[in-house]
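Visitor: This structure is in structure tokens; I'll ask about it shortly.
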Amino acid sequence: MASVHESLYFNPMMTNGVVHANVFGIKDWVTPYKIAVLVLLNEMGRTGEGAVSLMERRRLNQLLLPLLQGPDITLSKLYKLIEESCPQLANSVQIRIKLMAEGELKDMEQFFDDLSDSFSGTEPEVHKTSVVGLFLRHMILAYSKLSFSQVFKLYTALQQYFQNGEKKTVEDADMELTSREEGERKMEKEELDVSIREEEVSCSGPLSQKQAEFFLSQQASLLKNDETKALTPASLQKELNNLLKFNPDFAEAHYLSYLNNLRVQDVFSSTHSLLHYFDRLILTGAESKSNGEEGYGRSLRYAALNLAALHCRFGHYQQAELALQEAIRIAQESNDHVCLQHCLYLASLGIQSLVQQRAFAGKTANKLMDALKDSDLLHWKHSLSELIDISIAQKTAIWRLYGRSTMALQQAQMLLSMNSLESVNAGVQQNNTESFAVALCHLAELHAEQGCFAAASEVLKHLKERFPPNSQHAQLWMLCDQKIQFDRAMNDGKYHLADSLVTGITALNSIEGVYRKAVVLQAQNQMSEAHQLLQKLLIHCQKIRNTEMVISVLLSVAELYWRSSSPTIALPVLLQALALSKEYRLQYLASETVLNLAFAQLILGIPEQALSLLHMAIEPILADGAVLDKGRAMFLVAKCQVASAASYDPLKKAEALEAAIENLNEAKNYFAKVDCKEQIRDVVYFQARLYHTLGRTQERNRCAMLFRQLHQELPSHGVPLINHL
């Protein structure tokens, strides 16, 4: 877009191929593309009202503004845009440009002489102060300042511009003809499209000041409100580099480069661009002209403020605190209340970060919500919608951490249904922020946990559309998607598929990836390898104080022990996990730990105590747990009921077995929701044994047949079932 083809475009600020630093000192210059736009305007003025319909004229008027403000485009593309609005006018413009380009230099001279007539008369075609009028006057003035040699270069560039446009028109026609005759050659068509796009980029000229300002403001607005419509990080950086090649002191381009580097988490380049922005702002004296000597101090304090936000984003909290203190100090010296208010926003983010740390430290939910409530009052008072969104997303994550999925779901839906307080242009999506992505990821995981995989897939599809892979928040849904796929593969017994997903998870979250690798090894009966991996992960997580993962690892280690017929060794590990869960108020993990303790007691032959433990833990699991955990809990209850009934009299034993069968049916329904075939196999095996004991042959045979089908389909790793029937 902003690249230079010196043989086609004449830049009045270029001397012997060297661009002067103040290339934007001239507001506009004449290019072949702008001559084509002038021809369009001239034809619109000459065409009578009856020749063009009202709808066509309305479409042309809507087309004019982007043509005047946007960058130069190829002639064939300009023809196409005009033809979509008014085919008749497109033909007239094509004829006029052809006559001018294939004629003589005096034809272009005469064209610019005739442009002045647009302002003459009592009722001129164009008003001097209108957008079109200002554009015409700028072009006439810029053309009148050209020397004869510069005019000749411009005419030569116009001829080349026309020839390239005609050549591409012929290529497009050939391509359409070829696609009609040979519909199977789609790949060749795609390659041709790519080459055409590259040619468009290489043929575009340097941007004028207005074009550059429009391009920068447009891309900055898209990055904030709808990143999907902005250029990709690589393409945008290429355009910015070309723009800075003409004017290295263009401060706004450095700031957009800073925003663009944030998208790809490039610490060095973003810091480099941010510092360059404020350096150029001071060197050019842009602020000092409007604010006097105060302009320099203003740049310095906002530089420190932005640097604090940058360090905070990348997790460099000590550097962020130092930069924030510097910004506050300079702002207080200068009585800059606006800057101090921005510092307050950063302080609000600091409060939310502190709440997050307190949540990991095991503080109670009511204290955390009170802390967020006080900051929310300020957010609502000042209509700070982004901070409100962050606060709600924070509450969603806290409730999930504490195992309250219903409350987490409520907060996530509140964020999604809340209208943004900021007014944006029509057609621009709202809430394309990190908090919005976090809420959607929580929704996808919550739906997947309840077996609603179709709904989770729709949420992920929306995430992929709103946050494409090259956007800065894409890694959130990428990790969420990988985890859901991993869980489904494990539930379905496809361990090889789950193992292939571990690499992608590790790339996005190394700790999560190592943990899930150990889970796969454990499922594949590679106990020693899984134990070594879990021990290393446990030491690392204890070192970095990742309590949630520490408890998960301890539960996996305990499972390794009782699967290795060592339940007594598993008990101290489970008690350690339970103590941590209680200390940090992780209710859901505490309930899961109690389930494991109950199972260990069942293996040790004390089912009555196991059943009493289950009554303590099963309520929160059935209320807020995942479907798979609900099924496991009901399956364990049934096992304990059967084991406890071993010493009952025949009548009471039969009643206990009937109750166990009902619980097994409920467990089977839960497992079916998440397509967990391995657990269903264990359930129907257990049901067949119970039906056999009760003498119900038909039900026994049905369960036995289903077990046989699943057992042949799934790999066998041993079935840890109770034989006390």
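Visitor: Please compare each pair in Lys494/Lys677; Lys517/Lys673; Lys367/Lys543 to a cut-off of 18 Å on the Cα-Cα distance and tell me which ones are over it.
Guide: Values: Lys494/Lys677 10 Å; Lys517/Lys673 25 Å; Lys367/Lys543 26 Å.
The pairs that break the limit, which is 18 Å between Cα atoms, are Lys517/Lys673; Lys367/Lys543.
Visitor: Note down the relative contact order for region 438-584 as a percent, whole number, built from C-alpha pairs under 8 angstrom at least six residues apart. If you can, show how the numbers build up before the last one.
Guide: Values: 136 pairs, mean separation 17.4, N = 147.
The value is 12 percent.
Visitor: If you stretched the chain out fully between His540 and Glu655, how much longer would it get, using 0.36 nm times the residue separation minus the C-alpha to C-alpha distance?
Guide: Numbers: separation 115, 0.36 × 115 = 41.40 nm, distance 4.96 nm.
That works out to 36.4 nm of additional length.
Visitor: Follow-up. Through the Karplus equation 6.51 cos²θ - 1.76 cosθ + 1.60, θ set to phi - 60°, convert the phi angles of region 675-691 into ³J(HN,Hα) values in whole Hz; use x for Gly and Pro.
Guide: Using θ = phi - 60°, the values come out as 6, 8, 5, 5, 5, 5, 4, 5, 5, 5, 4, 5, 5, 4, 5, 5, 4 Hz.
Visitor: Something else: Label-point separation (nm) for Gln532 and Glu699, each offset 7 Å from Cα along Cα-to-Cβ?
Guide: Distance between the two pseudo-spin positions: 4.8 nm.
Visitor: If you don't mind, there's one more thing I want to ask. Quick query: amide H of Gly403 versus all other amide H atoms, modeled in the peptide plane; which residues come in under 5 Å with a sequence gap of 5 or more or a different chain?
Guide: Tyr588
Visitor: Can you figure out the FRET efficiency of Glu608 with Ala371, using R₀ = 30 Å and their beta-carbon distance, to the nearest 0.05?
Guide: Values: r = 44 Å, r/R0 = 1.47.
Efficiency at R0 = 30 Å is approximately 0.10.
Visitor: For region 503-567, what size does the Cα cloud have along each of its three principal axes, sorted from largest down, in whole Å?
Guide: The principal-axis extents, from largest down, are 34, 24, 15 Å.
Visitor: Find the relative contact order for region 368-518 and round it to a whole percent, using C-alpha pairs within less than 8 Å whose residues are 6+ positions apart. Let's see the in-between values first.
Guide: On the way: 140 pairs, mean separation 21.3, N = 151.
Dividing the mean separation by the residue count of region 368-518 yields 14 percent.
Visitor: Right, something else. Given a cut-off of under 8 Å on Cα pairs at least six residues apart, what relative contact order in percent is computed for region 565-706?
Guide: So the answer I get is 16 percent.
Visitor: Near Ala234, within a Cβ-to-Cβ distance under 13 Å, what is the net charge of the other residues, with Lys and Arg +1 and Asp and Glu -1?
Guide: Numbers: positive: Lys238, Arg263; negative: Glu239, Asp266.
After counting each charged neighbour, the total is 0.
Visitor: Here's something else I'd like to know. Output wanted: per-residue J couplings in Hz (rounded whole) for region 125-130, from phi through Karplus 6.51 cos²θ - 1.76 cosθ + 1.60, θ = phi - 60°, x for Gly and Pro.
Guide: Each residue's phi maps through the Karplus curve to give 5, 10, 7, 4, 8, 6 Hz.
Visitor: By per-residue mean of other Cβ atoms within 10 Å, what is the highest-first order of 495-506, 617-628? Write out the running numbers ahead of the final one.
Guide: On the way: 495-506: 17.6, 617-628: 19.2.
Descending mean neighbour count gives 617-628, 495-506.
Visitor: Please state the Cα pair-distance histogram of region 56-115 with 10 angstrom bins from zero: what percent is in each bin?
Guide: 20, 44, 34, 2
Visitor: How about region 495-548: which trypsin sites (Lys or Arg not before Pro) there lie in a loop by DSSP and see at most 13 other Cβ atoms within 10 Å? Working shown, then result.
Guide: Values: sites: Arg516, Lys517, Lys536, Lys543, Arg545; in loops: Arg545.
Counting only loop positions with at most 13 other Cβ atoms within 10 Å, the trypsin sites (Lys or Arg not before Pro) in region 495-548 are Arg545.
Visitor: Based on Cα coordinates alone, diagonalise the gyration tensor for region 386-529, multiply each eigenvalue by 5, take square roots, and list the semi-axes in whole Å, largest first.
Guide: Details: eigenvalues 191, 51, 35 Å².
Over the Cα atoms of region 386-529, the semi-axes work out to 31, 16, 13 Å.
Visitor: Separate question: Order 270-279, 247-256, 630-639 from most to least packed using the mean count of other Cβ atoms within 10 Å. Present the calculation step by step, with values, prior to reporting the outcome.
Guide: On the way: 270-279: 19.0, 247-256: 20.6, 630-639: 24.7.
Result, highest mean first: 630-639, 247-256, 270-279.
Visitor: Report, in listed order, any pair from Lys483/Lys639; Lys77/Lys145; Lys464/Lys582; Lys224/Lys373 with a Cα-Cα distance greater than 32 Å.
Guide: Numbers: Lys483/Lys639 30 Å; Lys77/Lys145 29 Å; Lys464/Lys582 38 Å; Lys224/Lys373 27 Å.
Listed pairs above 32 Å: Lys464/Lys582.
Visitor: Can you compute 3J(HN,Hα) from phi for each residue in region 398-404, using the Karplus curve 6.51 cos²θ - 1.76 cosθ + 1.60 with θ = phi - 60°, rounded to whole Hz and x for Gly and Pro?
Guide: In residue order, the calculated couplings are 5, 5, 5, 4, 7, x, 9 Hz.
Visitor: Can I ask one more? Taking 0.36 nm per residue of separation and subtracting the Cα-Cα distance, what length does fully extending Ser144 through Met55 add? It would help to have the intermediate numbers written out before the result.
Guide: Working: separation 89, 0.36 × 89 = 32.04 nm, distance 3.60 nm.
Taking 0.36 nm per residue and subtracting the Cα distance, the gain is 28.4 nm.
Visitor: Lys and Arg at +1, Asp and Glu at -1: add these up for the other residues within a Cβ distance under 11 Å of Leu574 and post the number.
Guide: On the way: positive: none; negative: Glu559, Glu592.
Taking every Cβ under 11 Å from that of Leu574, the sum is -2.
Visitor: Does region 81-141 come out rounded, prolate or oblate by the C-alpha gyration tensor, with a ≥ b ≥ c the root eigenvalues, rounded set by a/c under 1.5 and, if not, prolate when a/b is larger than b/c and oblate if not? Intermediate values should be presented prior to the final figure.
Guide: Values: a/c = 2.17, a/b = 1.24, b/c = 1.75.
Taking the square roots of the gyration eigenvalues as a ≥ b ≥ c, region 81-141 is oblate.
Each value in this text was obtained by applying a stated rule to the coordinates, not by laboratory testing. For clarity, every value in this text was computed on a predicted model and none was experimentally measured. For neighbour counting, all protein chains shown are included, and Cβ atoms are generated from backbone atoms with ideal geometry for every residue, glycine included.
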